[in-house]
Amino acid sequence: MKKLAEFYRGKAKTVYTTDDPHFVILEFRNDISMLDGKYLKQFDRKGMINNQFNYIIMQKLLRSGIPTQIERVLSHHETLVKKLKMIPVEFVVRNRAAGSIVKRLGIKEGQILDPPLYDLFLKNDSMNDPIINASYCRTFGWVSEVHFAKMKELTYQTNHILKNFFDDAGLILVDFKLEFGLFNDEVVLGDEFSPDVSRLWDKKTLKKMDKDLFRQSLGGVIEAYEEVARRIGVSFN
Ligand code: UDP
């Protein structure tokens, strides 16, 4: 598979076309951002850690019956994936209160949310990713009713699979964000799963081990990313 031109540059990943129109290459960069890209920083090794982390999670999901875009890792920071027609909607699940919901509802961080909450956001940095709901998706034609139902089902299944998976690794899956796309009109999980797009707390100490360390200037970002990656089976040689 030959890497061709840069096709899309996101906040932490760059997408490249290949000589096969059905596949693209995701390059995980060392960039980390907050406030919808208004604040950017680089951390050595982050791209490599998130690439490996993402691969392990996507493999786990694939083996558990979730269709994902993943094909194979090409290098420390690159993965070959199916080229999807991405849907501009973020699917968020919350098992515990943290982040925007704490601010929005004035509830206590860490409160257990049972059954888990489910939020939708429109992917639009210039509008600060506004919160939406299913009716917006239909009215504005972002996703068909059938595809939406599938995405919601896959989101809940993913939560069930990963909650147990992280629990076995001594971690609480507090919340996470997924993005879906279409491949031959089938719903497929795209984008990434990493500590950039999820909240992971140590089960015993409740210590944060994800992007909140960066958002809240707590330090130890890369050390925590490396530790959670190690706990789920990434080996750094
Ligand atoms: N999230 C994300 N991208 C976004 C917004 C949220 O990956 O553009 C993730 C975030 O890392 C967290 C979950 O989705 O794991 C819920 O985020 P929240 O709504 O609390 O917003 P935030 O606190 O990130 O502004």
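The values are calculated or read from the model by the stated rules, or taken from the named source; none is laboratory data. A quick note: this is a predicted structure, and the numbers were derived from the prediction, not measured. Cβ coordinates were reconstructed from backbone atoms using ideal geometry, including for glycine residues, and neighbour counts include every protein chain displayed. For accessibility, only protein heavy atoms count, side chains too; no ligands or nucleic acids. Shrake-Rupley method; radii C 1.70, N 1.55, O 1.52, S 1.80 Å.
Pick out, from the stretch 145-237, the strands (runs of 3 or more DSSP E) lying fully within it that include 2 or more residues that are modelled with pLDDT of 95 or more and of a type in the set (A, V, I, L, M).
On the way: elements: 171-183, 186-189, 198-202.
It comes to 171-183, 186-189.
Within the stretch 99-122, the set of residues being over 21 Å from residue 188 (Cβ atoms) and either within 9 Å of the ligand (Cβ to nearest atom) or touching a Pro at 6+ places or on another chain (Cβ under 7 Å) (or both) comprises 99, 100, 101, 102, 103, 104, 119. On inspection, residue 46 does not qualify as closer than 18 Å to residue 178 by Cα, under 19 Å from the mean Cα position of the chain (by Cα) and not polar (S, T, N, Q).
Taking (1) under 24 Å from residue 62 (Cβ atoms); (2) over 15 Å from the mean Cα position of the chain (by Cα); (3) within 16 Å of the ligand (Cβ to nearest atom) in turn, residue 178 satisfies each apart from (2).
Filter the stretch 99-116 down to residues that are closer than 24 Å to residue 154 by Cα and over 17 Å from the mean Cα position of the chain (by Cα) and give me whichever is least open to solvent (accessible area, probe 1.4 Å).
Just the residues of the stretch 99-116 that are closer than 24 Å to residue 154 by Cα, to begin with: 99-101, 112-116.
With over 17 Å from the mean Cα position of the chain (by Cα) added as a condition, the list becomes 101, 112-116.
Details: 101: 5, 112: 110, 113: 20, 114: 133, 115: 99, 116: 33 Å².
Checking each candidate, the answer is 101.
All of 96, 63 fail the test of being within 16 Å of the ligand (Cβ to nearest atom), open to solvent by 40 Å² or more (accessible area, probe 1.4 Å) and at pLDDT 95 or above, apart from 96.
Answer yes or no: is there a residue in the stretch 101-120 that is within 30 Å of residue 18 (Cα to Cα) and acidic (Asp, Glu).
Residues of the stretch 101-120 that are within 30 Å of residue 18 (Cα to Cα), as a first pass: none.
Taking every residue of the stretch 101-120 in turn, none turns out to be within 30 Å of residue 18 (Cα to Cα) and acidic (Asp, Glu).
Of all residues in the stretch 16-47, those satisfying the criterion of being open to solvent by 30 Å² or more (accessible area, probe 1.4 Å), more than 16 Å from the ligand (Cβ to nearest atom) and more than 14 Å from residue 221 (Cβ to Cβ) are 16, 17, 19, 20, 21, 22, 23, 27. Among the residues of the stretch 171-186, those that are more than 16 Å from residue 53 (Cα to Cα) and not hydrophobic (A, V, I, L, M, F, W, C) comprise 175, 179, 181, 184, 185, 186. Figure legend. Inter-residue proximity from the stretch 131-154: first residues over 21 Å from residue 101 (Cα atoms), second residues charged (D, E, K, R) and in a loop (DSSP other than H, G, I, E, B), beta-carbon distance below 9 Å, spacing 6+ or different chains. Indicated pairs: 147/185. Residue selection: residue 37 fails the criterion of being of a type in the set (Gly, Ala, Ser), farther than 25 Å from residue 150 by Cβ and in a helix (DSSP H, G or I). Residue 141 passes every criterion in (1) open to solvent by 50 Å² or more (accessible area, probe 1.4 Å); (2) within 17 Å of residue 68 (Cβ to Cβ); (3) not charged (D, E, K, R) apart from (2).
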